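The block underneath contains the structure these notes are about, expressed in structure tokens.
The values are calculated or read from the model by the stated rules, or taken from the named source; none is laboratory data. Since this is a predicted model, take the numbers as computed values, not measurements. All Cβ positions, even for glycine, are placed from backbone atoms using ideal geometry, and neighbour counts span all protein chains on display.
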Amino acid sequence: MSSIRVGVVMDPIAGITPAKDSTFAMLLAAQERGHDLHYFEQIDLRLLNGEALGNGRKLRVTDDQDRWFKLGPVTKISLAEFDVLLMRKDPPFDTEYIYT
């Protein structure tokens, strides 16, 4: 199977509890299957001339409770390049969430 490009929009990854976080479990499973992961927060996303863009970072996750993630440098990415975009932001469910 070929690699799938996965973008995930979530709360700050440094603040999660990996052992209890379902988004982390999904990312770990996707990475184990060889998929390419990219990380975004809501503030990283924008619409410019009709194109959805993000300031994303390549993401690597590990099953290590002390150092569970590593982020690459920030890169401007067209969201159309992703096969899957996961919206995993925790509440509040507000207008910012809806427009994201």
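Remarks
- Across the stretch 69-78, the qualifying residues are those that are out of contact with any Asp or Glu (no Cβ under 8 Å at 6 or more places or on another chain) and either of a type in the set (Ser, Thr, Tyr) or within 17 Å of residue 6 (Cβ to Cβ) (or both), and the one among them that is surrounded by the most Cβ atoms within 10 Å (Cβ to Cβ) is 77.
- Within the stretch 45-66, if we keep just the residues that are under 14 Å from residue 13 (Cα atoms) and at pLDDT 95 or above, the residue that is surrounded by the most Cβ atoms within 10 Å (Cβ to Cβ) turns out to be 56.
Here's the yes/no breakdown for (1) touching a residue at least 12 places away in the same chain (Cβ under 8 Å); (2) in contact with a Cys (Cβ under 8 Å, 6 or more places away or on another chain); (3) assigned to a helix (DSSP H, G or I):
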site	(1), (2), (3)
8	yes, no, no
19	yes, no, yes
43	no, no, yes
53	yes, no, no
56	yes, no, no
71	yes, no, no
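- Among all positions in the stretch 21-40, there is no residue which is assigned to a loop (DSSP other than H, G, I, E, B), charged (D, E, K, R), surrounded by 13 or more Cβ atoms within 10 Å (Cβ to Cβ) and in contact (Cβ under 8 Å) with a residue 24 or more places away in the chain.
- Only a single criterion out of (1) assigned to a helix (DSSP H, G or I); (2) under 12 Å from the mean Cα position of the chain (by Cα) is not satisfied by residue 96, namely (2).
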